[in-house]
Amino acid sequence: MNLLVTGAAGFIGSTYVRTLLASSAPDAPHVTVLDRLTYAGSLDNLELGHPRLTFVHGDICDAGLVDKLMAEADQVVHFAAESHVDRSLTGAADFVRTNVLGTQTLLDAALRHGVGPFVHISTDEVYGSIESGAWREDHPLRPSSPYSASKASSDLLALAHHRTHGLDVRITRCSNNYGPRQFPEKIIPLFVTNLLDGKKVPLYGDGRNVRDWLHVEDHCHGVDLVRTKGRPGEVYNIGGGTELSNRNLTGLLLQACGAGWDRVEYVEDRKGHDLRYSVDWSKARDELGYRPRRDFTTGLAETVAWYRDNRAWWEPLKRRAGLSG
Ligand code: NAD
């Protein structure tokens with residue numbers, strides 16, 4: 001079986017592919033990775049010499065290349081995206097191009113070649129912000145940022161390909177991922193690497209925005225359950241079960257790095273900053289047997305240790321992205 005995985009030189013996709021390649025099951029797939037290697041993608045994240053891995057450097061918007069790869073694929077897991085909200089606030093064009101046009105290019109090719117399941121990786125951010133309670137999958141989409149609007153658009157295109165053409169599309173909407181190899185512009189790796197370098201950390205507004213934290217390995221487990229056991233045309237929320245305000249998260253990171261609150265710089269809040277995200281993942285639990293397995297305290301400690309031990313991975317990325325300060 002040949003599984004086409006897009007965006008797997010990035011954080012979550014590379015974790016997913018490592019898990020698949022580590023399996024010695026007789027039905028473990030051959031994996032073809034398609035990645036454009038934007039600022040967020042790194043070949044260091046992939047085991048390039050693995051006999052069950054083929055890496056293709058290319059763009060999901062390249063219809064000719066996508067058609068050729070889709071002709072050879074049996075299934076798809078689609079992670080490739082522009083993924084950082086802050087970047088979408090200053091330039092939305094790349095987000096629309098990759099997240100909307102790129103997804104449509106993949107869906108059209110999957111349809112032409114009868115490829116499925118096609119697992120589309122989305123985000124809880126498509127629902128907007130929720131003061132109390134948690135979103136179920138049928139909650140109306142009310143995205144706030146150009147990033148989440150582009151992801152919501154791609155979800156709708158994916159569902160339309162199922163409703164109109166019967167394409168076997170399955171969508172996952174997960175909460176905030178954390179773990180090793182996350183690009184050091186996102187809050188946990190940015191704060192940890194700044195603290196390890198003796199620098200300050202920029203906390204948005206008053207830090208009361210709440211996020212649900214999901215270990216990347218739990219997310220990847222959920223994605224594979226959806227690929228292997230999910231139903232066509234269905235959306236599955238995947239949550240982590242640890243809700244924290246950014247202020248509380250900052251406190252834990254300061255503690256883990258042996259730093260005090262004097263290292264926190266309060267900066268002007270992100271425009272349109274959603275106050276709280278919370279997904280109800282009981283559908284994935286009841287239908288697929290999903291549950292997050294990683295304890296947050298241990299997972300966070302291991303993540304901090306990974307960044308401490310892997311400067312060679314993140315220092316060049318921060319330098320190139322102008323994040324070294
Ligand atoms: P990431 O930014 O670390 O990686 C994205 C990858 O996509 C990179 O390797 C990049 O090179 C590749 N890519 C970008 N544009 C491309 C294009 N046009 N063609 C081919 N490849 C391209 O992202 P991530 O954090 O691993 O997120 C993966 C997916 O999960 C995304 O769809 C994102 O929206 C979703 N998601 C992420 C989180 C999170 O907490 N990180 C939460 C919810 C959903």
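Quick grid of which residues meet (1) of a type in the set (D, E, K, R); (2) within 27 Å of TRP313 (Cα to Cα); (3) at pLDDT below 95:
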{"position": "ASN2", "(1), (2), (3)": "no, no, no"}
{"position": "SER23", "(1), (2), (3)": "no, yes, yes"}
{"position": "ARG36", "(1), (2), (3)": "yes, yes, no"}
{"position": "GLU72", "(1), (2), (3)": "yes, no, no"}
{"position": "PHE95", "(1), (2), (3)": "no, yes, no"}
{"position": "LEU107", "(1), (2), (3)": "no, no, no"}
{"position": "VAL115", "(1), (2), (3)": "no, no, no"}
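Pairing residues of segment 79-99 that are not assigned by TED's automatic domain parsing to the domain that holds THR32 with residues that are within 7 Å of the ligand (Cβ to nearest atom), at Cβ distances under 7 Å and at least 6 apart in sequence or on separate chains, gives no pairs at all. Screening SER42 against (1) in contact with a His (Cβ under 9 Å, 6 or more places away or on another chain); (2) closer than 30 Å to GLU315 by Cβ leaves a single unmet condition, (1).
Considering each residue of segment 217-225 in turn, none proves to be without any contact (Cβ under 8 Å) to a residue 12 or more places away in the chain, over 21 Å from VAL100 (Cβ atoms) and away from the ligand (no atom under 12 Å from the Cβ). Restricted to segment 1-31, and to residues there that are over 18 Å from THR228 (Cβ atoms) and in contact with an Asp or Glu (Cβ under 8 Å, 6 or more places away or on another chain), the residue that is farthest from the ligand (Cβ to nearest atom) is THR6.
Within segment 32-53, take every residue that is of a type in the set (S, T, N, Q) and near the ligand (Cβ under 10 Å from one of its atoms) and give me the one that is most open to solvent (accessible area, probe 1.4 Å).
Taking segment 32-53 first, the residues of a type in the set (S, T, N, Q) are 32, 38, 42, 45.
Cutting the leftovers down to near the ligand (Cβ under 10 Å from one of its atoms) gives us 38, 42, 45.
On the way: THR38: 45, SER42: 20, ASN45: 4 Å².
Top of the filtered list is THR38.
Within segment 252-261, if we keep just the residues that are in contact with a helix residue (DSSP H, G or I) (Cβ under 8 Å, 6 or more places away or on another chain) and surrounded by fewer than 16 Cβ atoms within 10 Å (Cβ to Cβ), the residue that is farthest from TRP306 (Cα to Cα) turns out to be TRP261. Restricting attention to segment 53-70, the residues being in a loop (DSSP other than H, G, I, E, B) and either closer than 20 Å to LEU167 by Cβ or touching a helix residue (DSSP H, G or I) at 6+ places or on another chain (Cβ under 6 Å) (or both) number 3.
Just to verify a result, which residue in segment 114-138, among those that are of a type in the set (D, E, K, R) and open to solvent by less than 40 Å² (accessible area, probe 1.4 Å), is farthest from ASN176 (Cα to Cα)? Within segment 114-138, the match that is farthest from ASN176 (Cα to Cα) is GLU137. For the residues LEU101, LEU111, the requirement of being within 11 Å of the ligand (Cβ to nearest atom) and open to solvent by 20 Å² or more (accessible area, probe 1.4 Å) singles out LEU101. Applying the condition of being assigned to a loop (DSSP other than H, G, I, E, B) and touching a strand residue (DSSP E or B) at 6+ places or on another chain (Cβ under 9 Å) to segment 144-178 and asking which residue is farthest from VAL100 (Cα to Cα) yields SER175. The one condition from (1) within 16 Å of the ligand (Cβ to nearest atom); (2) among the basic types (Lys, Arg); (3) in contact with a strand residue (DSSP E or B) (Cβ under 9 Å, 6 or more places away or on another chain) that ARG181 does not meet is (3).
The residues of segment 71-97 that are surrounded by 24 or more Cβ atoms within 10 Å (Cβ to Cβ) and assigned to a helix (DSSP H, G or I) amount to a single one, PHE95.
Taking the stated definitions as given, is SER154 outside the structural domain of TRP261 (by TED's automatic domain parsing) and under 30 Å from ALA256 (Cβ atoms)? Even if it seems obvious, please write down each step before you answer.
Values: outside the structural domain of TRP261 (by TED's automatic domain parsing): yes; under 30 Å from ALA256 (Cβ atoms): no.
No, not satisfied.
Can you say whether GLU302 is open to solvent by 70 Å² or more (accessible area, probe 1.4 Å) and out of contact with any helix residue (DSSP H, G or I) (no Cβ under 8 Å at 6 or more places or on another chain), as far as the supplied structure shows? Yes; evaluated as a whole, the condition is true for this residue.
Residue by residue, here is whether (1) in contact with a Ser or Thr (Cβ under 7 Å, 6 or more places away or on another chain); (2) among the aliphatic types (A, V, I, L, M); (3) open to solvent by 10 Å² or more (accessible area, probe 1.4 Å) holds:
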{"position": "ASP218", "(1), (2), (3)": "no, no, no"}
{"position": "THR228", "(1), (2), (3)": "no, no, yes"}
{"position": "VAL235", "(1), (2), (3)": "no, yes, yes"}
{"position": "GLY241", "(1), (2), (3)": "no, no, yes"}
{"position": "ARG247", "(1), (2), (3)": "no, no, yes"}
{"position": "ARG263", "(1), (2), (3)": "no, no, yes"}
{"position": "TYR266", "(1), (2), (3)": "no, no, yes"}
{"position": "ASP269", "(1), (2), (3)": "no, no, yes"}
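On the stretch given as segment 56-68, residues that are away from the ligand (no atom under 11 Å from the Cβ) and either closer than 22 Å to VAL223 by Cα or not hydrophobic (A, V, I, L, M, F, W, C) (or both) total 3.
The values are calculated or read from the model by the stated rules, or taken from the named source; none is laboratory data. These numbers come from a predicted model, not from an experiment. Here the Cβ is made from the backbone with ideal geometry for all residues, glycine too, and neighbour counts use every protein chain on show. These accessible areas exclude ligands, DNA and RNA; they are computed on the full protein's heavy atoms, side chains included. Shrake-Rupley method; radii C 1.70, N 1.55, O 1.52, S 1.80 Å.
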